[in-house]
Amino acid sequence: MSKIGAHVSIAGGLEKSIERGEALGCEAIQIFSKNQLQWRSAPLSQARGERFYRSWAASSIEEIVVHASYLINLAATDATGPKSIAALEDEIERCDLLGIDDLVLHPGSSRGRSAEPALDLVAERLASILDRTSHKRVRILLETMAGQGDLLGRDFKQFRRILDTLDWPSRVGICMDTCHMFAAGFDMRTEAAYQRLLDQVDDTVGLDRVGCWHFNDSFHDMGRGLDRHAHIGEGTLGFAPFSFILNDPLWEHTPCILETPQNASGHAGNMAILRKLRGG
């Protein structure tokens, strides 16, 4: 079965995320490794990393994914670019110290430029980062985006361009966000539509590149390019896409992470729904 879970807070210490995940009955969790809205943070000590890893090992949580800072934009041509390179390398270092293999990253924004040169710059910078961190096993999962404004990652051809430029390294994969893909125009509300989505993924980047799902219903209709998450079954996606994914043998070992709103029943209510859709 797919490993279901949620994005949980690290407030009070990284190991607190383990406690929060277990309280929700998570099999997988996603965390930030530091404040996601600050460029600088105190370095992780070996002792803190070991304390986190011991807490994880003693828990029932099987998979942990880190989400990189929202500030990172590898497509930026101003001072944000070099800062983003340093920040991403720091994120990789932190993941490695914590024993976490997968790091979700927003592809970035072209900031008014055409997508092609922006994607090429992202690939160029990723290549240098992968080279400098070649002794690490941490994999970067580029997240599918809703297509708002100049954000990159609205279709799989853009990811294909990055992967082609990088010569298909094993340390770059994809994180599929249900709300974002729906907002970008990808339907998945029927079995046929879901299969067409998988076929397109397989034809462009390969299904084996998918390392994580973000589970979010969509407040807005398909194709509007608007990224607003809703509780599972309470948006325009409905229950069906999540049932298709959870019961597909393709994703048997893949983390499926809730990023739904924290109001009403929050993650607890959505976790209960996912268990029912998965059949237990």
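Residues in the stretch 106-124 that are touching a residue at least 40 places away in the same chain (Cβ under 8 Å) and either surrounded by 15 or more Cβ atoms within 10 Å (Cβ to Cβ) or among the basic types (Lys, Arg) (or both): HIS106, PRO107, GLY108, SER109, SER110, ALA115, ALA118, LEU119, LEU121, VAL122, ALA123. The condition (being within 20 Å of GLU143 (Cα to Cα), surrounded by 19 or more Cβ atoms within 10 Å (Cβ to Cβ), out of contact with any strand residue (DSSP E or B) (no Cβ under 8 Å at 6 or more places or on another chain) and small (Gly, Ala, Ser)) is satisfied by just one residue among ALA6, ALA87: ALA87. Restricting the search to the stretch 241-272, which residues are touching a helix residue (DSSP H, G or I) at 6+ places or on another chain (Cβ under 8 Å) and in a helix (DSSP H, G or I)? Matches in the stretch 241-272: PRO241, PHE242, SER243, PHE244, ILE245, LEU246, LEU250, TRP251. In the stretch 86-98, the residues that are farther than 13 Å from HIS67 by Cα reach residues that are surrounded by fewer than 23 Cβ atoms within 10 Å (Cβ to Cβ) with C-beta atoms within less than 6 angstrom, at least six apart or across chains, in these pairs: GLU89/ILE129; ASP96/LYS136; ASP96/VAL138; LEU97/LEU44; LEU97/GLY49; LEU98/GLY49. Among the strands (runs of 3 or more DSSP E) confined to the stretch 115-219, there are none with at least 2 residues that are among the hydrophobic types (A, V, I, L, M, F, W, C) and over 28 Å from SER243 (Cα atoms).
The listed residues are PHE219, PHE186, and the only one of them that is closer than 29 Å to LEU277 by Cα, surrounded by 21 or more Cβ atoms within 10 Å (Cβ to Cβ), out of contact with any Ser or Thr (no Cβ under 7 Å at 6 or more places or on another chain) and not basic (Lys, Arg) turns out to be PHE186.
Any read-out appearing in this document is the output of simple, stated calculations on the displayed coordinates, not a laboratory observation. All of these numbers come straight from a predicted model, not from anything done at the bench. All Cβ positions, glycine included, derive from the backbone under ideal geometry; neighbour counts span all protein chains shown.
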